[in-house]
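Every number here is computed from the coordinates shown, using simple stated rules; none is lab data. This is a predicted model, so every value here is computed, not measured. Quick reminder, even Gly has a Cβ in these numbers, built from the backbone with ideal geometry, and neighbours come from all protein chains shown.
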Amino acid sequence: ATRSAITEKTKAIIINSPNNPTGAVYHPDEIEALVQIANEFDLWIFDDMIYSDLVYCEHPYVSPATFEGGHERTLTIGGWSKIWAMTGWRLGWITGPKEVMEGVKTCQASSASHVPTFLMGSGKVALELTDEPRMFYEAFAERRNVFHALLEELPGVKAPKPEGAFYILIDITGTGMDDIEFATRALEEAKVQVIPGSLMPGGEGLIRLSYGTGLEQIKEGCRRLKNWLQA
C-alpha cells in the first residue's frame, strides 16, 4: 500500500507511532519495512514520536534511525506536550542528520527565533523528572483499560484496544449511522462530544475518542452514550 501511494512528487514518509488517531503502535518489522521503502525511493522519513512514552503493548516504540539506511534520512520530532502535560507551552525538539539540521536552525531562527527563556528552564526540569512521567503513564494505562471495557458495552460499536497514546478509534457503522450523524446526535442528545472520523482521510464510519481526561468523566461519558444508543 505504501509503495502504491508513492509518486514522483513524494518527498518523505511521515510516521506517527504511537498514532493519533488510531492508538496503534507500529511493530519494529513495519518500521524496518518503511525504512527499506524510503531507501528504495530515496525519501526522507519524518518520525513523529511525541507519544513514544505511552506504549501499552508488548512491542515498544522503535526509531527508524536505528535501522540500516535510516539514520541518514530520518528527522525525529518530539516534545513536552504529552507525557509531561505541557501542551499549551508549545515546546518541542527536532533532530536529524547534521547537514539537514543546519537548514532547520536557519528556518527556526528566521521564523520564531527561539522559545521564551522561562520555557527552556521548565523543559530542562521536566527532563530530570522520573516519578511524574511514570504516574502519567500509569494513569493513562488505567483509563485505557476502563474506557475500552465500557466502549465494548455500547450496542453497534466495535472498539479495538489501543496500543499507545491516548486515543481510541471506534467503528460505529453497526449503529446504522454514519460518523457525522453519530457525532451530531451524540452531542445534541447524549451531551457527549466526539470527533467524526470522516474529518480525516479514510475515517468514514469511525469516531475518535480520547482518554486524556479523568476516569469519572470517561465513565460518565460512556454511561450517557450507552443510555442514548439503547433508547
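Quick notes on this one:
- Cross-link reach is defined here as a Cα-Cα straight distance under 19 Å, omitting same-chain residues fewer than 8 places apart; for LYS191 the aspartates and glutamates meeting it are GLU153, ASP178, ASP179, GLU181, GLU216, GLU220.
- Magnitude of the charge dipole, the range 1-132, Cβ model with Lys/Arg +1 and Asp/Glu -1, debye to 20: 600 debye
- Annotation for the range 1-50: GluC sites (Glu not before Pro) lying in DSSP loop with at most 16 further Cβ atoms inside 10 Å of their Cβ are GLU8.
- Prolate/oblate/rounded call for the range 108-171, Cα gyration tensor, a/c under 1.5 rounded: oblate
- Going by neighbour counts of Cβ atoms within 10 Å, the residues THR2, THR22 line up, fewest first, as THR2, THR22.
- Three-way shape label, the range 2-117, alpha-carbon gyration tensor, a/c 1.5: oblate
- Between the listed residues GLY214, SER17, PHE140, the Cα displaced farthest toward the positive end of the dipole of the chain, a dipole computed from Cβ unit charges relative to the Cα centre, is found at GLY214.
- The range 172-231: GluC sites (Glu not before Pro) falling in loop per DSSP and having at most 15 other Cβ within 10 Å: GLU204
- Additional length obtainable on full extension of the chain from ALA5 to LEU187, 0.36 nm per residue less Cα span: 61.9 nm
- Of interest is the spacing of the C-alpha centroids, which for the range 29-95 and the range 102-126 amounts to 20 Å.
- GNM remark for the chain: springs join alpha carbons under 10 Å apart, and the peak mean-square fluctuation among VAL125, VAL104, VAL25 falls on VAL125.
- Restraint check, LYS124/LYS219; LYS158/LYS219; LYS11/LYS98; LYS82/LYS158; LYS161/LYS226; LYS82/LYS226, Cα-Cα greater than 24 Å: LYS124/LYS219; LYS82/LYS158; LYS82/LYS226
- Springs between Cα atoms under 10 Å define the GNM used for the chain, and in it the highest mean-square fluctuation of LEU119, LEU154, LEU91 occurs at LEU119.
- Residues THR106, THR173, sorted so that the one with the fewest Cβ neighbours within 10 Å comes first: THR106, THR173
- Trypsin sites (Lys or Arg not before Pro) lying in DSSP loop within the range 1-84, provided at most 12 other Cβ fall within 10 Å: LYS9, LYS11
- Relative contact order (percent, whole number), the range 2-117, Cα cutoff 8 Å, 6+ residue spacing: 21 percent
- Taking the inverse of the mean reciprocal distance over all distinct Cα pairs, the Kirkwood hydrodynamic radius of the range 130-231 comes to 13.9 Å.
- Base-10 log of normalised Debye intensity for the chain (one unit scatterer per alpha-carbon) at q = 0.13, 0.15, 0.18 Å⁻¹: -0.92, -1.13, -1.33
- Angle in degrees between helix 28-41 and the longest Cα principal axis of the chain, rounded to the nearest 10: 50 degrees
- Stretch gain in nm, segment THR173-ASN145, where the contour uses 0.36 nm per residue and the Cα spacing is subtracted: 7.8 nm
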